[in-house]
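The values are calculated or read from the model by the stated rules, or taken from the named source; none is laboratory data. Being a predicted model, the structure only gives us computed values, none of them experimental. Note: ideal-geometry Cβ built from the backbone for every residue, glycine included; neighbour counts use all protein chains shown.
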Amino acid sequence: MNQQQLTNAIVELKAENNQLRQEVDALKKHLTRPDLTRQMFSYEDVAMMSDKNVRTIKRLEKEGAIRAKYPAAKKRFTFIAVENFLRGL
């Protein structure tokens, strides 16, 4: 191999390396998305997902059809609670 061929090979390897880095970065972004099972949902979120009125969700929560938690000052629903509720519809 002459000097020009070596230079061309190095340039190609650098380009491949950059492409691989971009692919790895994209995979890292995909893998570090927030875990849905840890997400909390509001009355409005659950109403939208279940195609019901917010008042209906509040009534169903009082009746025990879906369980709420209090991570802050407002009631929220866990992913598991919403999933179980939607499967029961």
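Can you confirm whether Ala73 is surrounded by 14 or more Cβ atoms within 10 Å (Cβ to Cβ) and not in a strand (DSSP E or B)? Steps first, answer last, please.
Details: surrounded by 14 or more Cβ atoms within 10 Å (Cβ to Cβ): no; not in a strand (DSSP E or B): yes.
No, not satisfied.
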_Given the condition basic (Lys, Arg) and modelled with pLDDT under 90, answer yes or no: does some residue in the stretch 80-88 qualify?_
yes
_I'd like to verify a number: residues in the stretch 22-46 that are modelled with pLDDT of 90 or more, in a helix (DSSP H, G or I), out of contact with any Phe, Trp or Tyr (no Cβ under 6 Å at 6 or more places or on another chain) and under 13 Å from Ala81 (Cα atoms), how many?_
2
